[in-house]
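Asks: If you scroll down you'll find the structure; I have some questions about it.
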Amino acid sequence: QVQLVESGGGLVQAGGSLRLSCATSGSIYSLNTMAWYRQAPGKQRELVTSITPGGTTNYADSMKGRFTISRDNAKNTVHLQMNSLKPEDTAVYYCWIRVGLGGYWGQGTQVTVSS
């Protein structure tokens, strides 16, 4: 069974920064695309960013220039560095890993940005 362990959420003031981390097992990590999604209250879950095993990244337009996804291959971990946070970034952030035609989700971590 694939497990994703997320960490790093919390409360931050607007303009601040947070770094989220998502760790998984080595055999799964090295072969698959990983991504971060988020879901705000009353809204659908949306893609924030993704990264392939080779390091190719993709970002939602509203996150470009503020968020950075990266892989730490030594620790089988993906990080999401979030800068210049806005109140509208408040959401539960979920880690996701593609496995075959589907994928697995982490438990989610709350990010709250106060104005």
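The values are calculated or read from the model by the stated rules, or taken from the named source; none is laboratory data. It should be emphasised that the depicted structure is a prediction, and the values quoted were computed from it without experimental measurement. All Cβ positions, even for glycine, are placed from backbone atoms using ideal geometry, and neighbour counts span all protein chains on display. SASA here: full protein model, heavy atoms, side chains in, ligands and nucleic acids out. Shrake-Rupley method; radii C 1.70, N 1.55, O 1.52, S 1.80 Å.
Asks: In a shell of Cβ-Cβ distance under 14 Å around N32, excluding N32 itself, what net charge do Lys and Arg (+1) and Asp and Glu (-1) give?
Replies: On the way: positive: R71, R98; negative: none.
Net charge in that neighbourhood comes out at +2.
Asks: A further question follows. Output ³J(HN,Hα) for region 62-67: one whole-Hz value per residue in order, computed from phi by the Karplus curve 6.51 cos²θ - 1.76 cosθ + 1.60 with θ = phi - 60°, and x for Gly and Pro.
Replies: Values per residue, Gly and Pro as x: 6, 9, 4, x, 10, 10 Hz.
Asks: Whole-Å semi-axes of region 1-84's equivalent ellipsoid, largest first, each the root of 5 times a Cα gyration tensor eigenvalue?
Replies: Details: eigenvalues 95, 38, 36 Å².
Value: 22, 14, 13 Å, ordered largest first.
Asks: Using amide H atoms built 1.01 Å from N in the peptide plane, name the residues 5+ places from R66, or on other chains, whose amide H lies under 5 Å from its own.
Replies: none
Asks: Next question, about the same structure. Ordered by residue, what ³J(HN,Hα) values in Hz, to whole numbers, does region 95-102 give under the Karplus form 6.51 cos²θ - 1.76 cosθ + 1.60, where θ = phi - 60° and Gly and Pro are x?
Replies: Calculated HN-Hα couplings, in order: 8, 9, 10, 7, 9, x, 8, x Hz.
Asks: Using the Karplus curve 6.51 cos²θ - 1.76 cosθ + 1.60 with θ = phi - 60°, what ³J(HN,Hα) values do you get for each residue of region 33-38, in whole Hz, with x for Gly and Pro?
Replies: Along region 33-38, the couplings run 5, 10, 8, 10, 10, 9 Hz.
Asks: Continuing with this model, one more query. Between the alpha-carbon centers of region 1-80 and region 83-103, tell me the distance in whole angstrom.
Replies: 6 Å
Asks: Follow-up question, since we're still on this one. With a probe of 1.4 Å, find how much accessible area the chain has per residue, and write the answer as a whole number in Å². Write out the running numbers ahead of the final one.
Replies: Values: 6070 Å² over 115 residues.
That works out to 53 Å² per residue.
Asks: Given 0.36 nm per residue, what is the gain on full extension from T56 to K43 after removing their alpha carbon distance, in nm?
Replies: On the way: separation 13, 0.36 × 13 = 4.68 nm, distance 2.76 nm.
Taking 0.36 nm per residue and subtracting the Cα distance, the gain is 1.9 nm.
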